[in-house]
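Asker: What follows is a single structure, and I will ask about it in a moment.
The values are calculated or read from the model by the stated rules, or taken from the named source; none is laboratory data. None of the values given here were measured: they were computed from a predicted structure. Quick reminder, even Gly has a Cβ in these numbers, built from the backbone with ideal geometry, and neighbours come from all protein chains shown.
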Amino acid sequence: MSDFLFGNFGSDFFREFDRLQHHMSSLAGGFPTSLRSSQSFFPPINIGTTDDSIEIVVFAPGFDASQFDVSIDKGILTIAGERKRPEAATRDETRSYARERFMGAFRRVVELPQNANPDDVQAKYTDGCLSIRIGKHESSKPRSVTVQ
């Protein structure tokens, strides 16, 4: 029966179907189109805004602050780094049969809104979260107007 429905596609068919489903969900609002990644979706990112700033939280436990490379160029925020395999896991006698923790290099790219001020950026790594605050240009902030 499954050969009739799916032919002889094997696991590649289901992998492609998962990839297609992921792309479809992102088009339907799962992820903003301005968020890109070169290694699956690690680390996960939340992006929000206040009247004064754009707030980005990168969930990357097990890192050291020095392992991140954060830069802004022409309205593009790039967050890169690498998680190396722990010493204990590199020994010859250790054979993995399941591994869920991401290891290796990653790069996340976020297209910033035009009101982002690249001269007003703060980044702090605490409790496994890299928090990046990017101020907004003064001219884009809401202000009250007195009516006379």
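Asker: Is it true that some residue in the range 90-104 is modelled with pLDDT of 90 or more and either within 16 Å of the chain's Cα centre (by Cα) or assigned by TED's automatic domain parsing to the domain that holds residue 54 (or both)?
Answerer: Our first condition is that a residue be modelled with pLDDT of 90 or more; within the range 90-104, this holds for none.
No, that holds for no residue.
Asker: Is there a residue being exposed (fewer than 14 other Cβ atoms within 10 Å of the Cβ), within 24 Å of residue 45 (Cα to Cα) and touching a Ser or Thr at 6+ places or on another chain (Cβ under 6 Å) anywhere in the range 125-146?
Answerer: Checked the range 125-146: no residue is exposed (fewer than 14 other Cβ atoms within 10 Å of the Cβ), within 24 Å of residue 45 (Cα to Cα) and touching a Ser or Thr at 6+ places or on another chain (Cβ under 6 Å).
Asker: Given the structure, is residue 53 surrounded by 10 or more Cβ atoms within 10 Å (Cβ to Cβ), under 24 Å from residue 137 (Cβ atoms) and at pLDDT below 90?
Answerer: Working: surrounded by 10 or more Cβ atoms within 10 Å (Cβ to Cβ): yes; under 24 Å from residue 137 (Cβ atoms): yes; at pLDDT below 90: no.
So residue 53 fails the test.
Asker: Any idea which residue in the range 103-119 is surrounded by the most Cβ atoms within 10 Å (Cβ to Cβ), counting only those that are touching a residue at least 60 places away in the same chain (Cβ under 8 Å) and of a type in the set (D, E, K, R)?
Answerer: The selected residue is 108.
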